[in-house]
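One structure is given here, and the rest of the page talks about it.
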Amino acid sequence: MKLPPSARTQGIEPSPTLALDARAKAMKAEGRQVVNLAIGEPDFETPEHIRQAAIKAIKDGFTRYTPSEGILPLREAMAEKFRVENGLEYPPADIVVTNGGKHALYNAMQALFGPGDEVIVPSPYWVTYPAQILLSGATPVYAPTSPERGYVLGPEELERAITPRTRGLILNSPSNPTGMVATRSDILALGEVLRDRPIWVISDDIYEKLLYDGEEFANIAMCCPELRDRTIICHSLSKTYSMTGWRIGFLAAPKEIARIVKDIQSQMTSNPCSIAQKAALAALTGTQEPLQKMRGVFDRRRKLVLGLIKKIPGFATTATPKGAFYVFPDASGLMGKTLGGTTIASSEDLASVLLKECEVASVPGSAFGQEGSLRFSYAASEKEIVNGFERIANFLAPAESPPPSEDKGWLKRAMP
Ligand code: PMP
Ligand code: GLU
């Protein structure tokens, strides 16, 4: 007898970013010269003092269960981070250490949403938000933003997405995939819309430290103190300290929600890895110099990529990314063209042709709810970046260009 899996898991797909990374790595393992610009993962080693802290934890035998919510000194260091850097007071009891940023978001959604609820996701969005909303039983509702307005969610777009069922809003600045950074005044305008409405806000601050062009970080709890009790801040050490594999994230929430998250976690995963927690403590309390260096390198690469993209026929970057480590050019000018024998009907076709013909891995915009675009991560060496974009420029330069297709089906299919 073949039994079906639960209804809740219907329609859940593997993370496309992780799937593309796995494909690029498999091609590399076969000896192919793949330039992997698909994955958002710093290409730097975890700083030495952080690794040493983990080695010491093992040597000291710090290898047993810790409290499910994480060790107190680590939560104290996180509370200190919020106080000093964000001007936000959270007692350590309102902070939970999680198994990566993804797990912080998952926990928050489990604690806040359920069947019948709608959660607003500004689009383009990071791939995992809709899947996690669906896993909570709620429904994602997309609020489209535009490159002309820098992909910033405006109060009108937010207002338009709100219904009597709206229970939550996800904000992510700096943004994956666009690199958009919301200013204080952008956030204050959203706060006005939210003020008298019963809506939770999940603020995904994972790229907080990766800002360029003098941009300053702000989140809704910092800008609108009256919304602090409805805000859950989700964070992670993955990107800031090049610690993707260590799986340490954290969240700060109003007391009751922090307690629920802690209880969920105690029933689901127990504590995050004890050794990784000691490493995280060293990351937060030790020198921040490696982070500053990494940020400088990312900024140089960002400028390099923006220059290289300009030379690619069919690619346009209307909105300059000012944070994170992604560029999200519009390639809709290439839709309908025949490239490498394939007629390009979608960003997925385009990413697939670029992988096959140029051996450059990118992520199709459709994964982020935006047909016609591609996401490139510049968390790769300058040499690889130049090599990858030159391959694409050379490939597209002599592109066969039959008259543009009248079929706008790809655009319709992309509409959320
Ligand atoms: N939020 C965003 C916007 C991300 O890009 C990522 C990247 N993985 C995460 C959360 C989760 O990061 P992690 O689970 O590796 O800490
Ligand atoms: N957030 C990264 C990305 O978007 C890592 C992959 C993932 O966690 O999905 O590429």
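Readers should treat all values here as calculations from the given coordinates under stated rules, not as data from a laboratory. Nothing here was measured: the structure is a model prediction, and the numbers come from that model. Heads up, the Cβs are rebuilt from the backbone with ideal geometry, glycines too, and the neighbour counts pull from every protein chain shown.
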Which number comes out as Rg/Rh for the range 69-126 once both Rg and the Kirkwood Rh are worked out on C-alpha atoms? 1.06
Taking the range 1-149 and dividing mean pair separation by its residue count, relative contact order in percent (alpha carbons under 8 Å, at least six apart): 19
Here the averaged projected area of the range 131-278, based on the convex hull of its alpha-carbon atoms and given in nm², is 10.0
For the range 181-196, in residue order, the Karplus 3J(HN,Hα) values (coefficients 6.51, -1.76, 1.60; θ = phi - 60°; whole Hz; Gly and Pro = x) are 10, 7, 8, 4, 6, 4, 6, 4, 5, 5, x, 4, 5, 7, 2, 9
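For a quick check: sort Ile232, Ile162 by the number of other beta carbons within 10 angstrom, fewest at the front.
If I rank by nearby Cβ atoms, fewest first, I get Ile162, Ile232.
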Per DSSP, loop trypsin sites (Lys or Arg not before Pro) in the range 251-350 with at most 14 further Cβ within 10 Å: Lys311
With Cβ to Cβ distances under 10 Å as the rule, what net charge do the other residues near Asp229 carry (K, R +1; D, E -1)? +1
What would the Debye equation give as log₁₀ I(q)/I(0) for the range 1-155 at q = 0.08, 0.09, 0.14, 0.18 Å⁻¹, counting only Cα atoms as equal point scatterers? -0.39, -0.50, -1.16, -1.32
Lys and Arg at +1, Asp and Glu at -1: neighbours of Gly114 with Cβ under 14 Å from its Cβ sum to +1
Packing-based exposure ordering (other Cβ within 10 Å, fewest first) of Glu118, Glu348, Glu69: Glu348, Glu118, Glu69
Extreme residue, positive dipole direction of the chain, given options Met243, Gly87, Ile55 (C-beta unit charges): Ile55
Mind telling me which of Met243, Met27, Met180 comes out most flexible in a GNM of the chain, alpha-carbon contacts under 10 Å? Met27
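Helix-derived [θ] at 222 nm for the chain: sum -39500 (n - 2.57) over DSSP H runs of at least 4, divide by residue count, nearest 500? The partial results should precede the final answer.
Numbers: 14 runs with 159 residues, N = 416.
Helix-only estimate at 222 nm: -11500 deg cm²/dmol.
Could you tell me which chymotrypsin sites (Phe, Trp or Tyr not before Pro) in the range 50-84 are loop residues by DSSP with no more than 13 other beta carbons within 10 angstrom of their beta carbon?
The qualifying sites are Tyr65.
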Tilt of helix 274-285 relative to the longest C-alpha principal axis of the chain, in degrees (0 to 90, nearest 10)? 80
Helix 16-29 versus the longest principal axis of the chain: what angle, 0 to 90°, nearest 10, using Cα atoms? 70
For Lys209, counting only aspartates and glutamates whose alpha-carbon sits under 20 Å away and dropping same-chain residues fewer than eight positions off, the answer is Glu41, Asp43, Glu45, Glu48, Glu76, Glu80, Glu85, Glu89, Asp186, Glu289, Asp299
Taking other Cβ within 10 Å of each residue's Cβ, how do Cys223, Cys234 sort, fewest first? Cys223, Cys234
Among Ser362, Ala345, Pro254, the residue whose Cα sits farthest towards the positive end of the charge dipole of the chain (+1 at Cβ of Lys and Arg, -1 at Cβ of Asp and Glu, taken about the Cα centre) is Ser362
Please enumerate, by chain and number, the lysines with C-alpha under 19 Å from the C-alpha of Lys25, excluding those fewer than 8 residues away in the same chain. Lys356, Lys383
The chain: translational diffusion in µm²/s, Stokes-Einstein, Kirkwood Rh over Cα pairs, 20 °C, 1.002 mPa s: 96
Listed residue pairs exceeding 23 Å between alpha carbons, taken from Lys59/Lys278; Lys28/Lys337; Lys28/Lys56: Lys28/Lys337; Lys28/Lys56
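Roughly how big is the range 112-205's charge dipole about its Cα centre, with Cβ charges of +1 (Lys, Arg) and -1 (Asp, Glu), in debye to the nearest 20?
120
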About the Cα centre of the range 56-130, how large is the charge dipole given +1 on each Lys and Arg Cβ and -1 on each Asp and Glu Cβ? Please answer in debye to the nearest 20. 420
Report, ordered by chain and residue number, the lysines lying within cross-link reach of Lys255, taken as a straight Cα distance under 22 Å and ignoring same-chain residues fewer than 8 apart. Lys81, Lys102
Measure nothing but the geometry: give the 0 to 90° angle between the long axis through the Cα atoms of 289-310 and the longest principal axis through the Cα atoms of the chain, rounded to 10°. 20
